[in-house]
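The values are calculated or read from the model by the stated rules, or taken from the named source; none is laboratory data. In this text the structure is predicted, and so the values were computed from the model without any measurement. Here the Cβ positions follow ideal geometry from the backbone for every residue, glycine too, while neighbour counts run over all protein chains shown. Note: areas computed on protein heavy atoms with side chains; ligands, DNA, RNA excluded. Shrake-Rupley method; radii C 1.70, N 1.55, O 1.52, S 1.80 Å.
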Amino acid sequence: QVQLVESGGGLVQAGGSLRLSCVASGRTFSRFTMGWFRQAPGKEREFVAALSWSAGSTSYADSVKGRFTISRDNAKNTVYLQMNSLRPEGTAVYYCAAGRGPYPGVNWYDYWGQGTKVTVSS
């Protein structure tokens, strides 16, 4: 089992920045691909970014490329999502996930956190 706890959400104005963190405990963190997803009210959960266990491979949703950066610190069992130039459509609950490959499909991920809410005001 892997337990994931997100933090760093909040209210920010459009154009602002936030950094989300996700701390993992349980099984060896460094062996997992880590991903971030988000779910806006009334919408399906969507892929945001993912990072392979070695940090050698990343993938991003087209909507966040160039604005968001995913990174990890295996020594701290932590994955981060730096979000810059935030837009109102980025308002959502953001979820951290641990899985088997840096791919956008939710089925690649076996463990999920409870989420942290991000609200971007216009």
Handout entry: Whole-number percent relative contact order across the chain, with pairs defined as alpha carbons under 8 Å at least 6 apart
Key = 36
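Roll a 1.4 angstrom probe over the protein heavy atoms and tell me the percent of accessible area of the chain that is carbon or sulfur.
Values: 2920 of 6270 Å².
Of all accessible area on the chain, carbon and sulfur atoms account for 47 percent.
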Handout entry: Hypothetical label at S54: residues of region 30-44 whose amide nitrogen lies under 14 Å (7 Å Cα-Cβ projection)
Key = 31-33
Handout entry: Alpha-carbon centroid distance for the pair region 8-38 / region 51-73, whole angstrom
Key = 11
Practice task
Compute the FRET efficiency between Q3 and Y103 as 1/(1 + (r/R0)^6), taking r as their Cβ-Cβ distance and R0 = 25 Å, and round to the nearest 0.05.
Solution key: 0.65
Problem - Sum of side-chain charges, A61 neighbourhood, beta-carbon under 14 Å (Lys, Arg +1; Asp, Glu -1) - result: +2
